[in-house]
Amino acid sequence: MSDAALSLEAVPAERSALVLFSGGQDSTACLAWALTQFERVETVGFDYGQRHHIEMETRTKVLARLRREYAPAQTKLGDDHVVDLKGFGRVAESSLTRDQEIKMGERGLPNSFVPGRNLAFFVYAAAVADRRGIDHLVGGMCETDFSGYPDCRKDTLDAMERVLNLGIERPYVIDTPLMYLTKAETWAMTHDLGGDALVEVVLEETHTCYMGERGARHAWGYGCGTCPACELRANGFEQWRAGK
């Protein structure tokens, strides 16, 4: 193990963070934020059989670019972890894990909602964090510009934080820096954290599209342009750019 790795391992748990990192716009903004807030940052990704499995490839490209081009990452970014949750994805089927049209369901939720996905993510992230000696869990959940998923709400994550503290007996803190931001404000935050260079990493490397489309690049990045995730990202980009 290198001296740099040993130095990161020595950072106390309360000054260390594990970022739930999909390689999308929101989790990349959260990772950049965490790298300015903590002395040691690690990442964890989840392979749950998602249709947009390309995010498992793009996330490694984002990490590589950040290590090269984002100064805080060069001294603070530690190990990346990947958790296999394909069994969970098969149980909690949705339009994100099988080939079907994305539309609203009978409960008033889009059928892209994977029941309990974020809850499962945090349970597994907490297990990784316990093993790695990390107290902060960082997620890109937001209840402002979002698809209506109940496991993205602040109340849900506050309850999850308490469950993890009780169930694992570790003083976990769930940090959600995007919780009350619009997508335009997330673009603005990204620019504030890393200027045009970080925005370019988000545009070129991150993946948000539910359909896994990586064809022609749009002004706001890659994607089909019509799924809910693309529409939120594109509209937010245009609003941010118009307000610059």
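Using the Cβ of ALA13 as centre and a radius below 10 Å, the other residues enclosed give a net charge of +1, where K and R count +1 and D and E count -1. Just to confirm my numbers, what's the Cα centroid distance between the range 214-244 and the range 52-70 in Å? Answer, in whole Å: 19. In terms of surrounding Cβ atoms within a 10 Å radius of their Cβ, LYS61, LYS244, LYS76, LYS183 rank from fewest to most as LYS244, LYS61, LYS76, LYS183. Computed over the alpha carbons of the range 171-214, Rg followed by Dmax gives 13.0, 40 Å.
Here, each number is a calculation from the coordinates, and none is a lab measurement. The shown structure was predicted, so the numbers you read here are calculated from the model rather than taken from an experiment. Note that we place each Cβ from the backbone using ideal geometry, even for glycine, and neighbour counts take in every protein chain shown.
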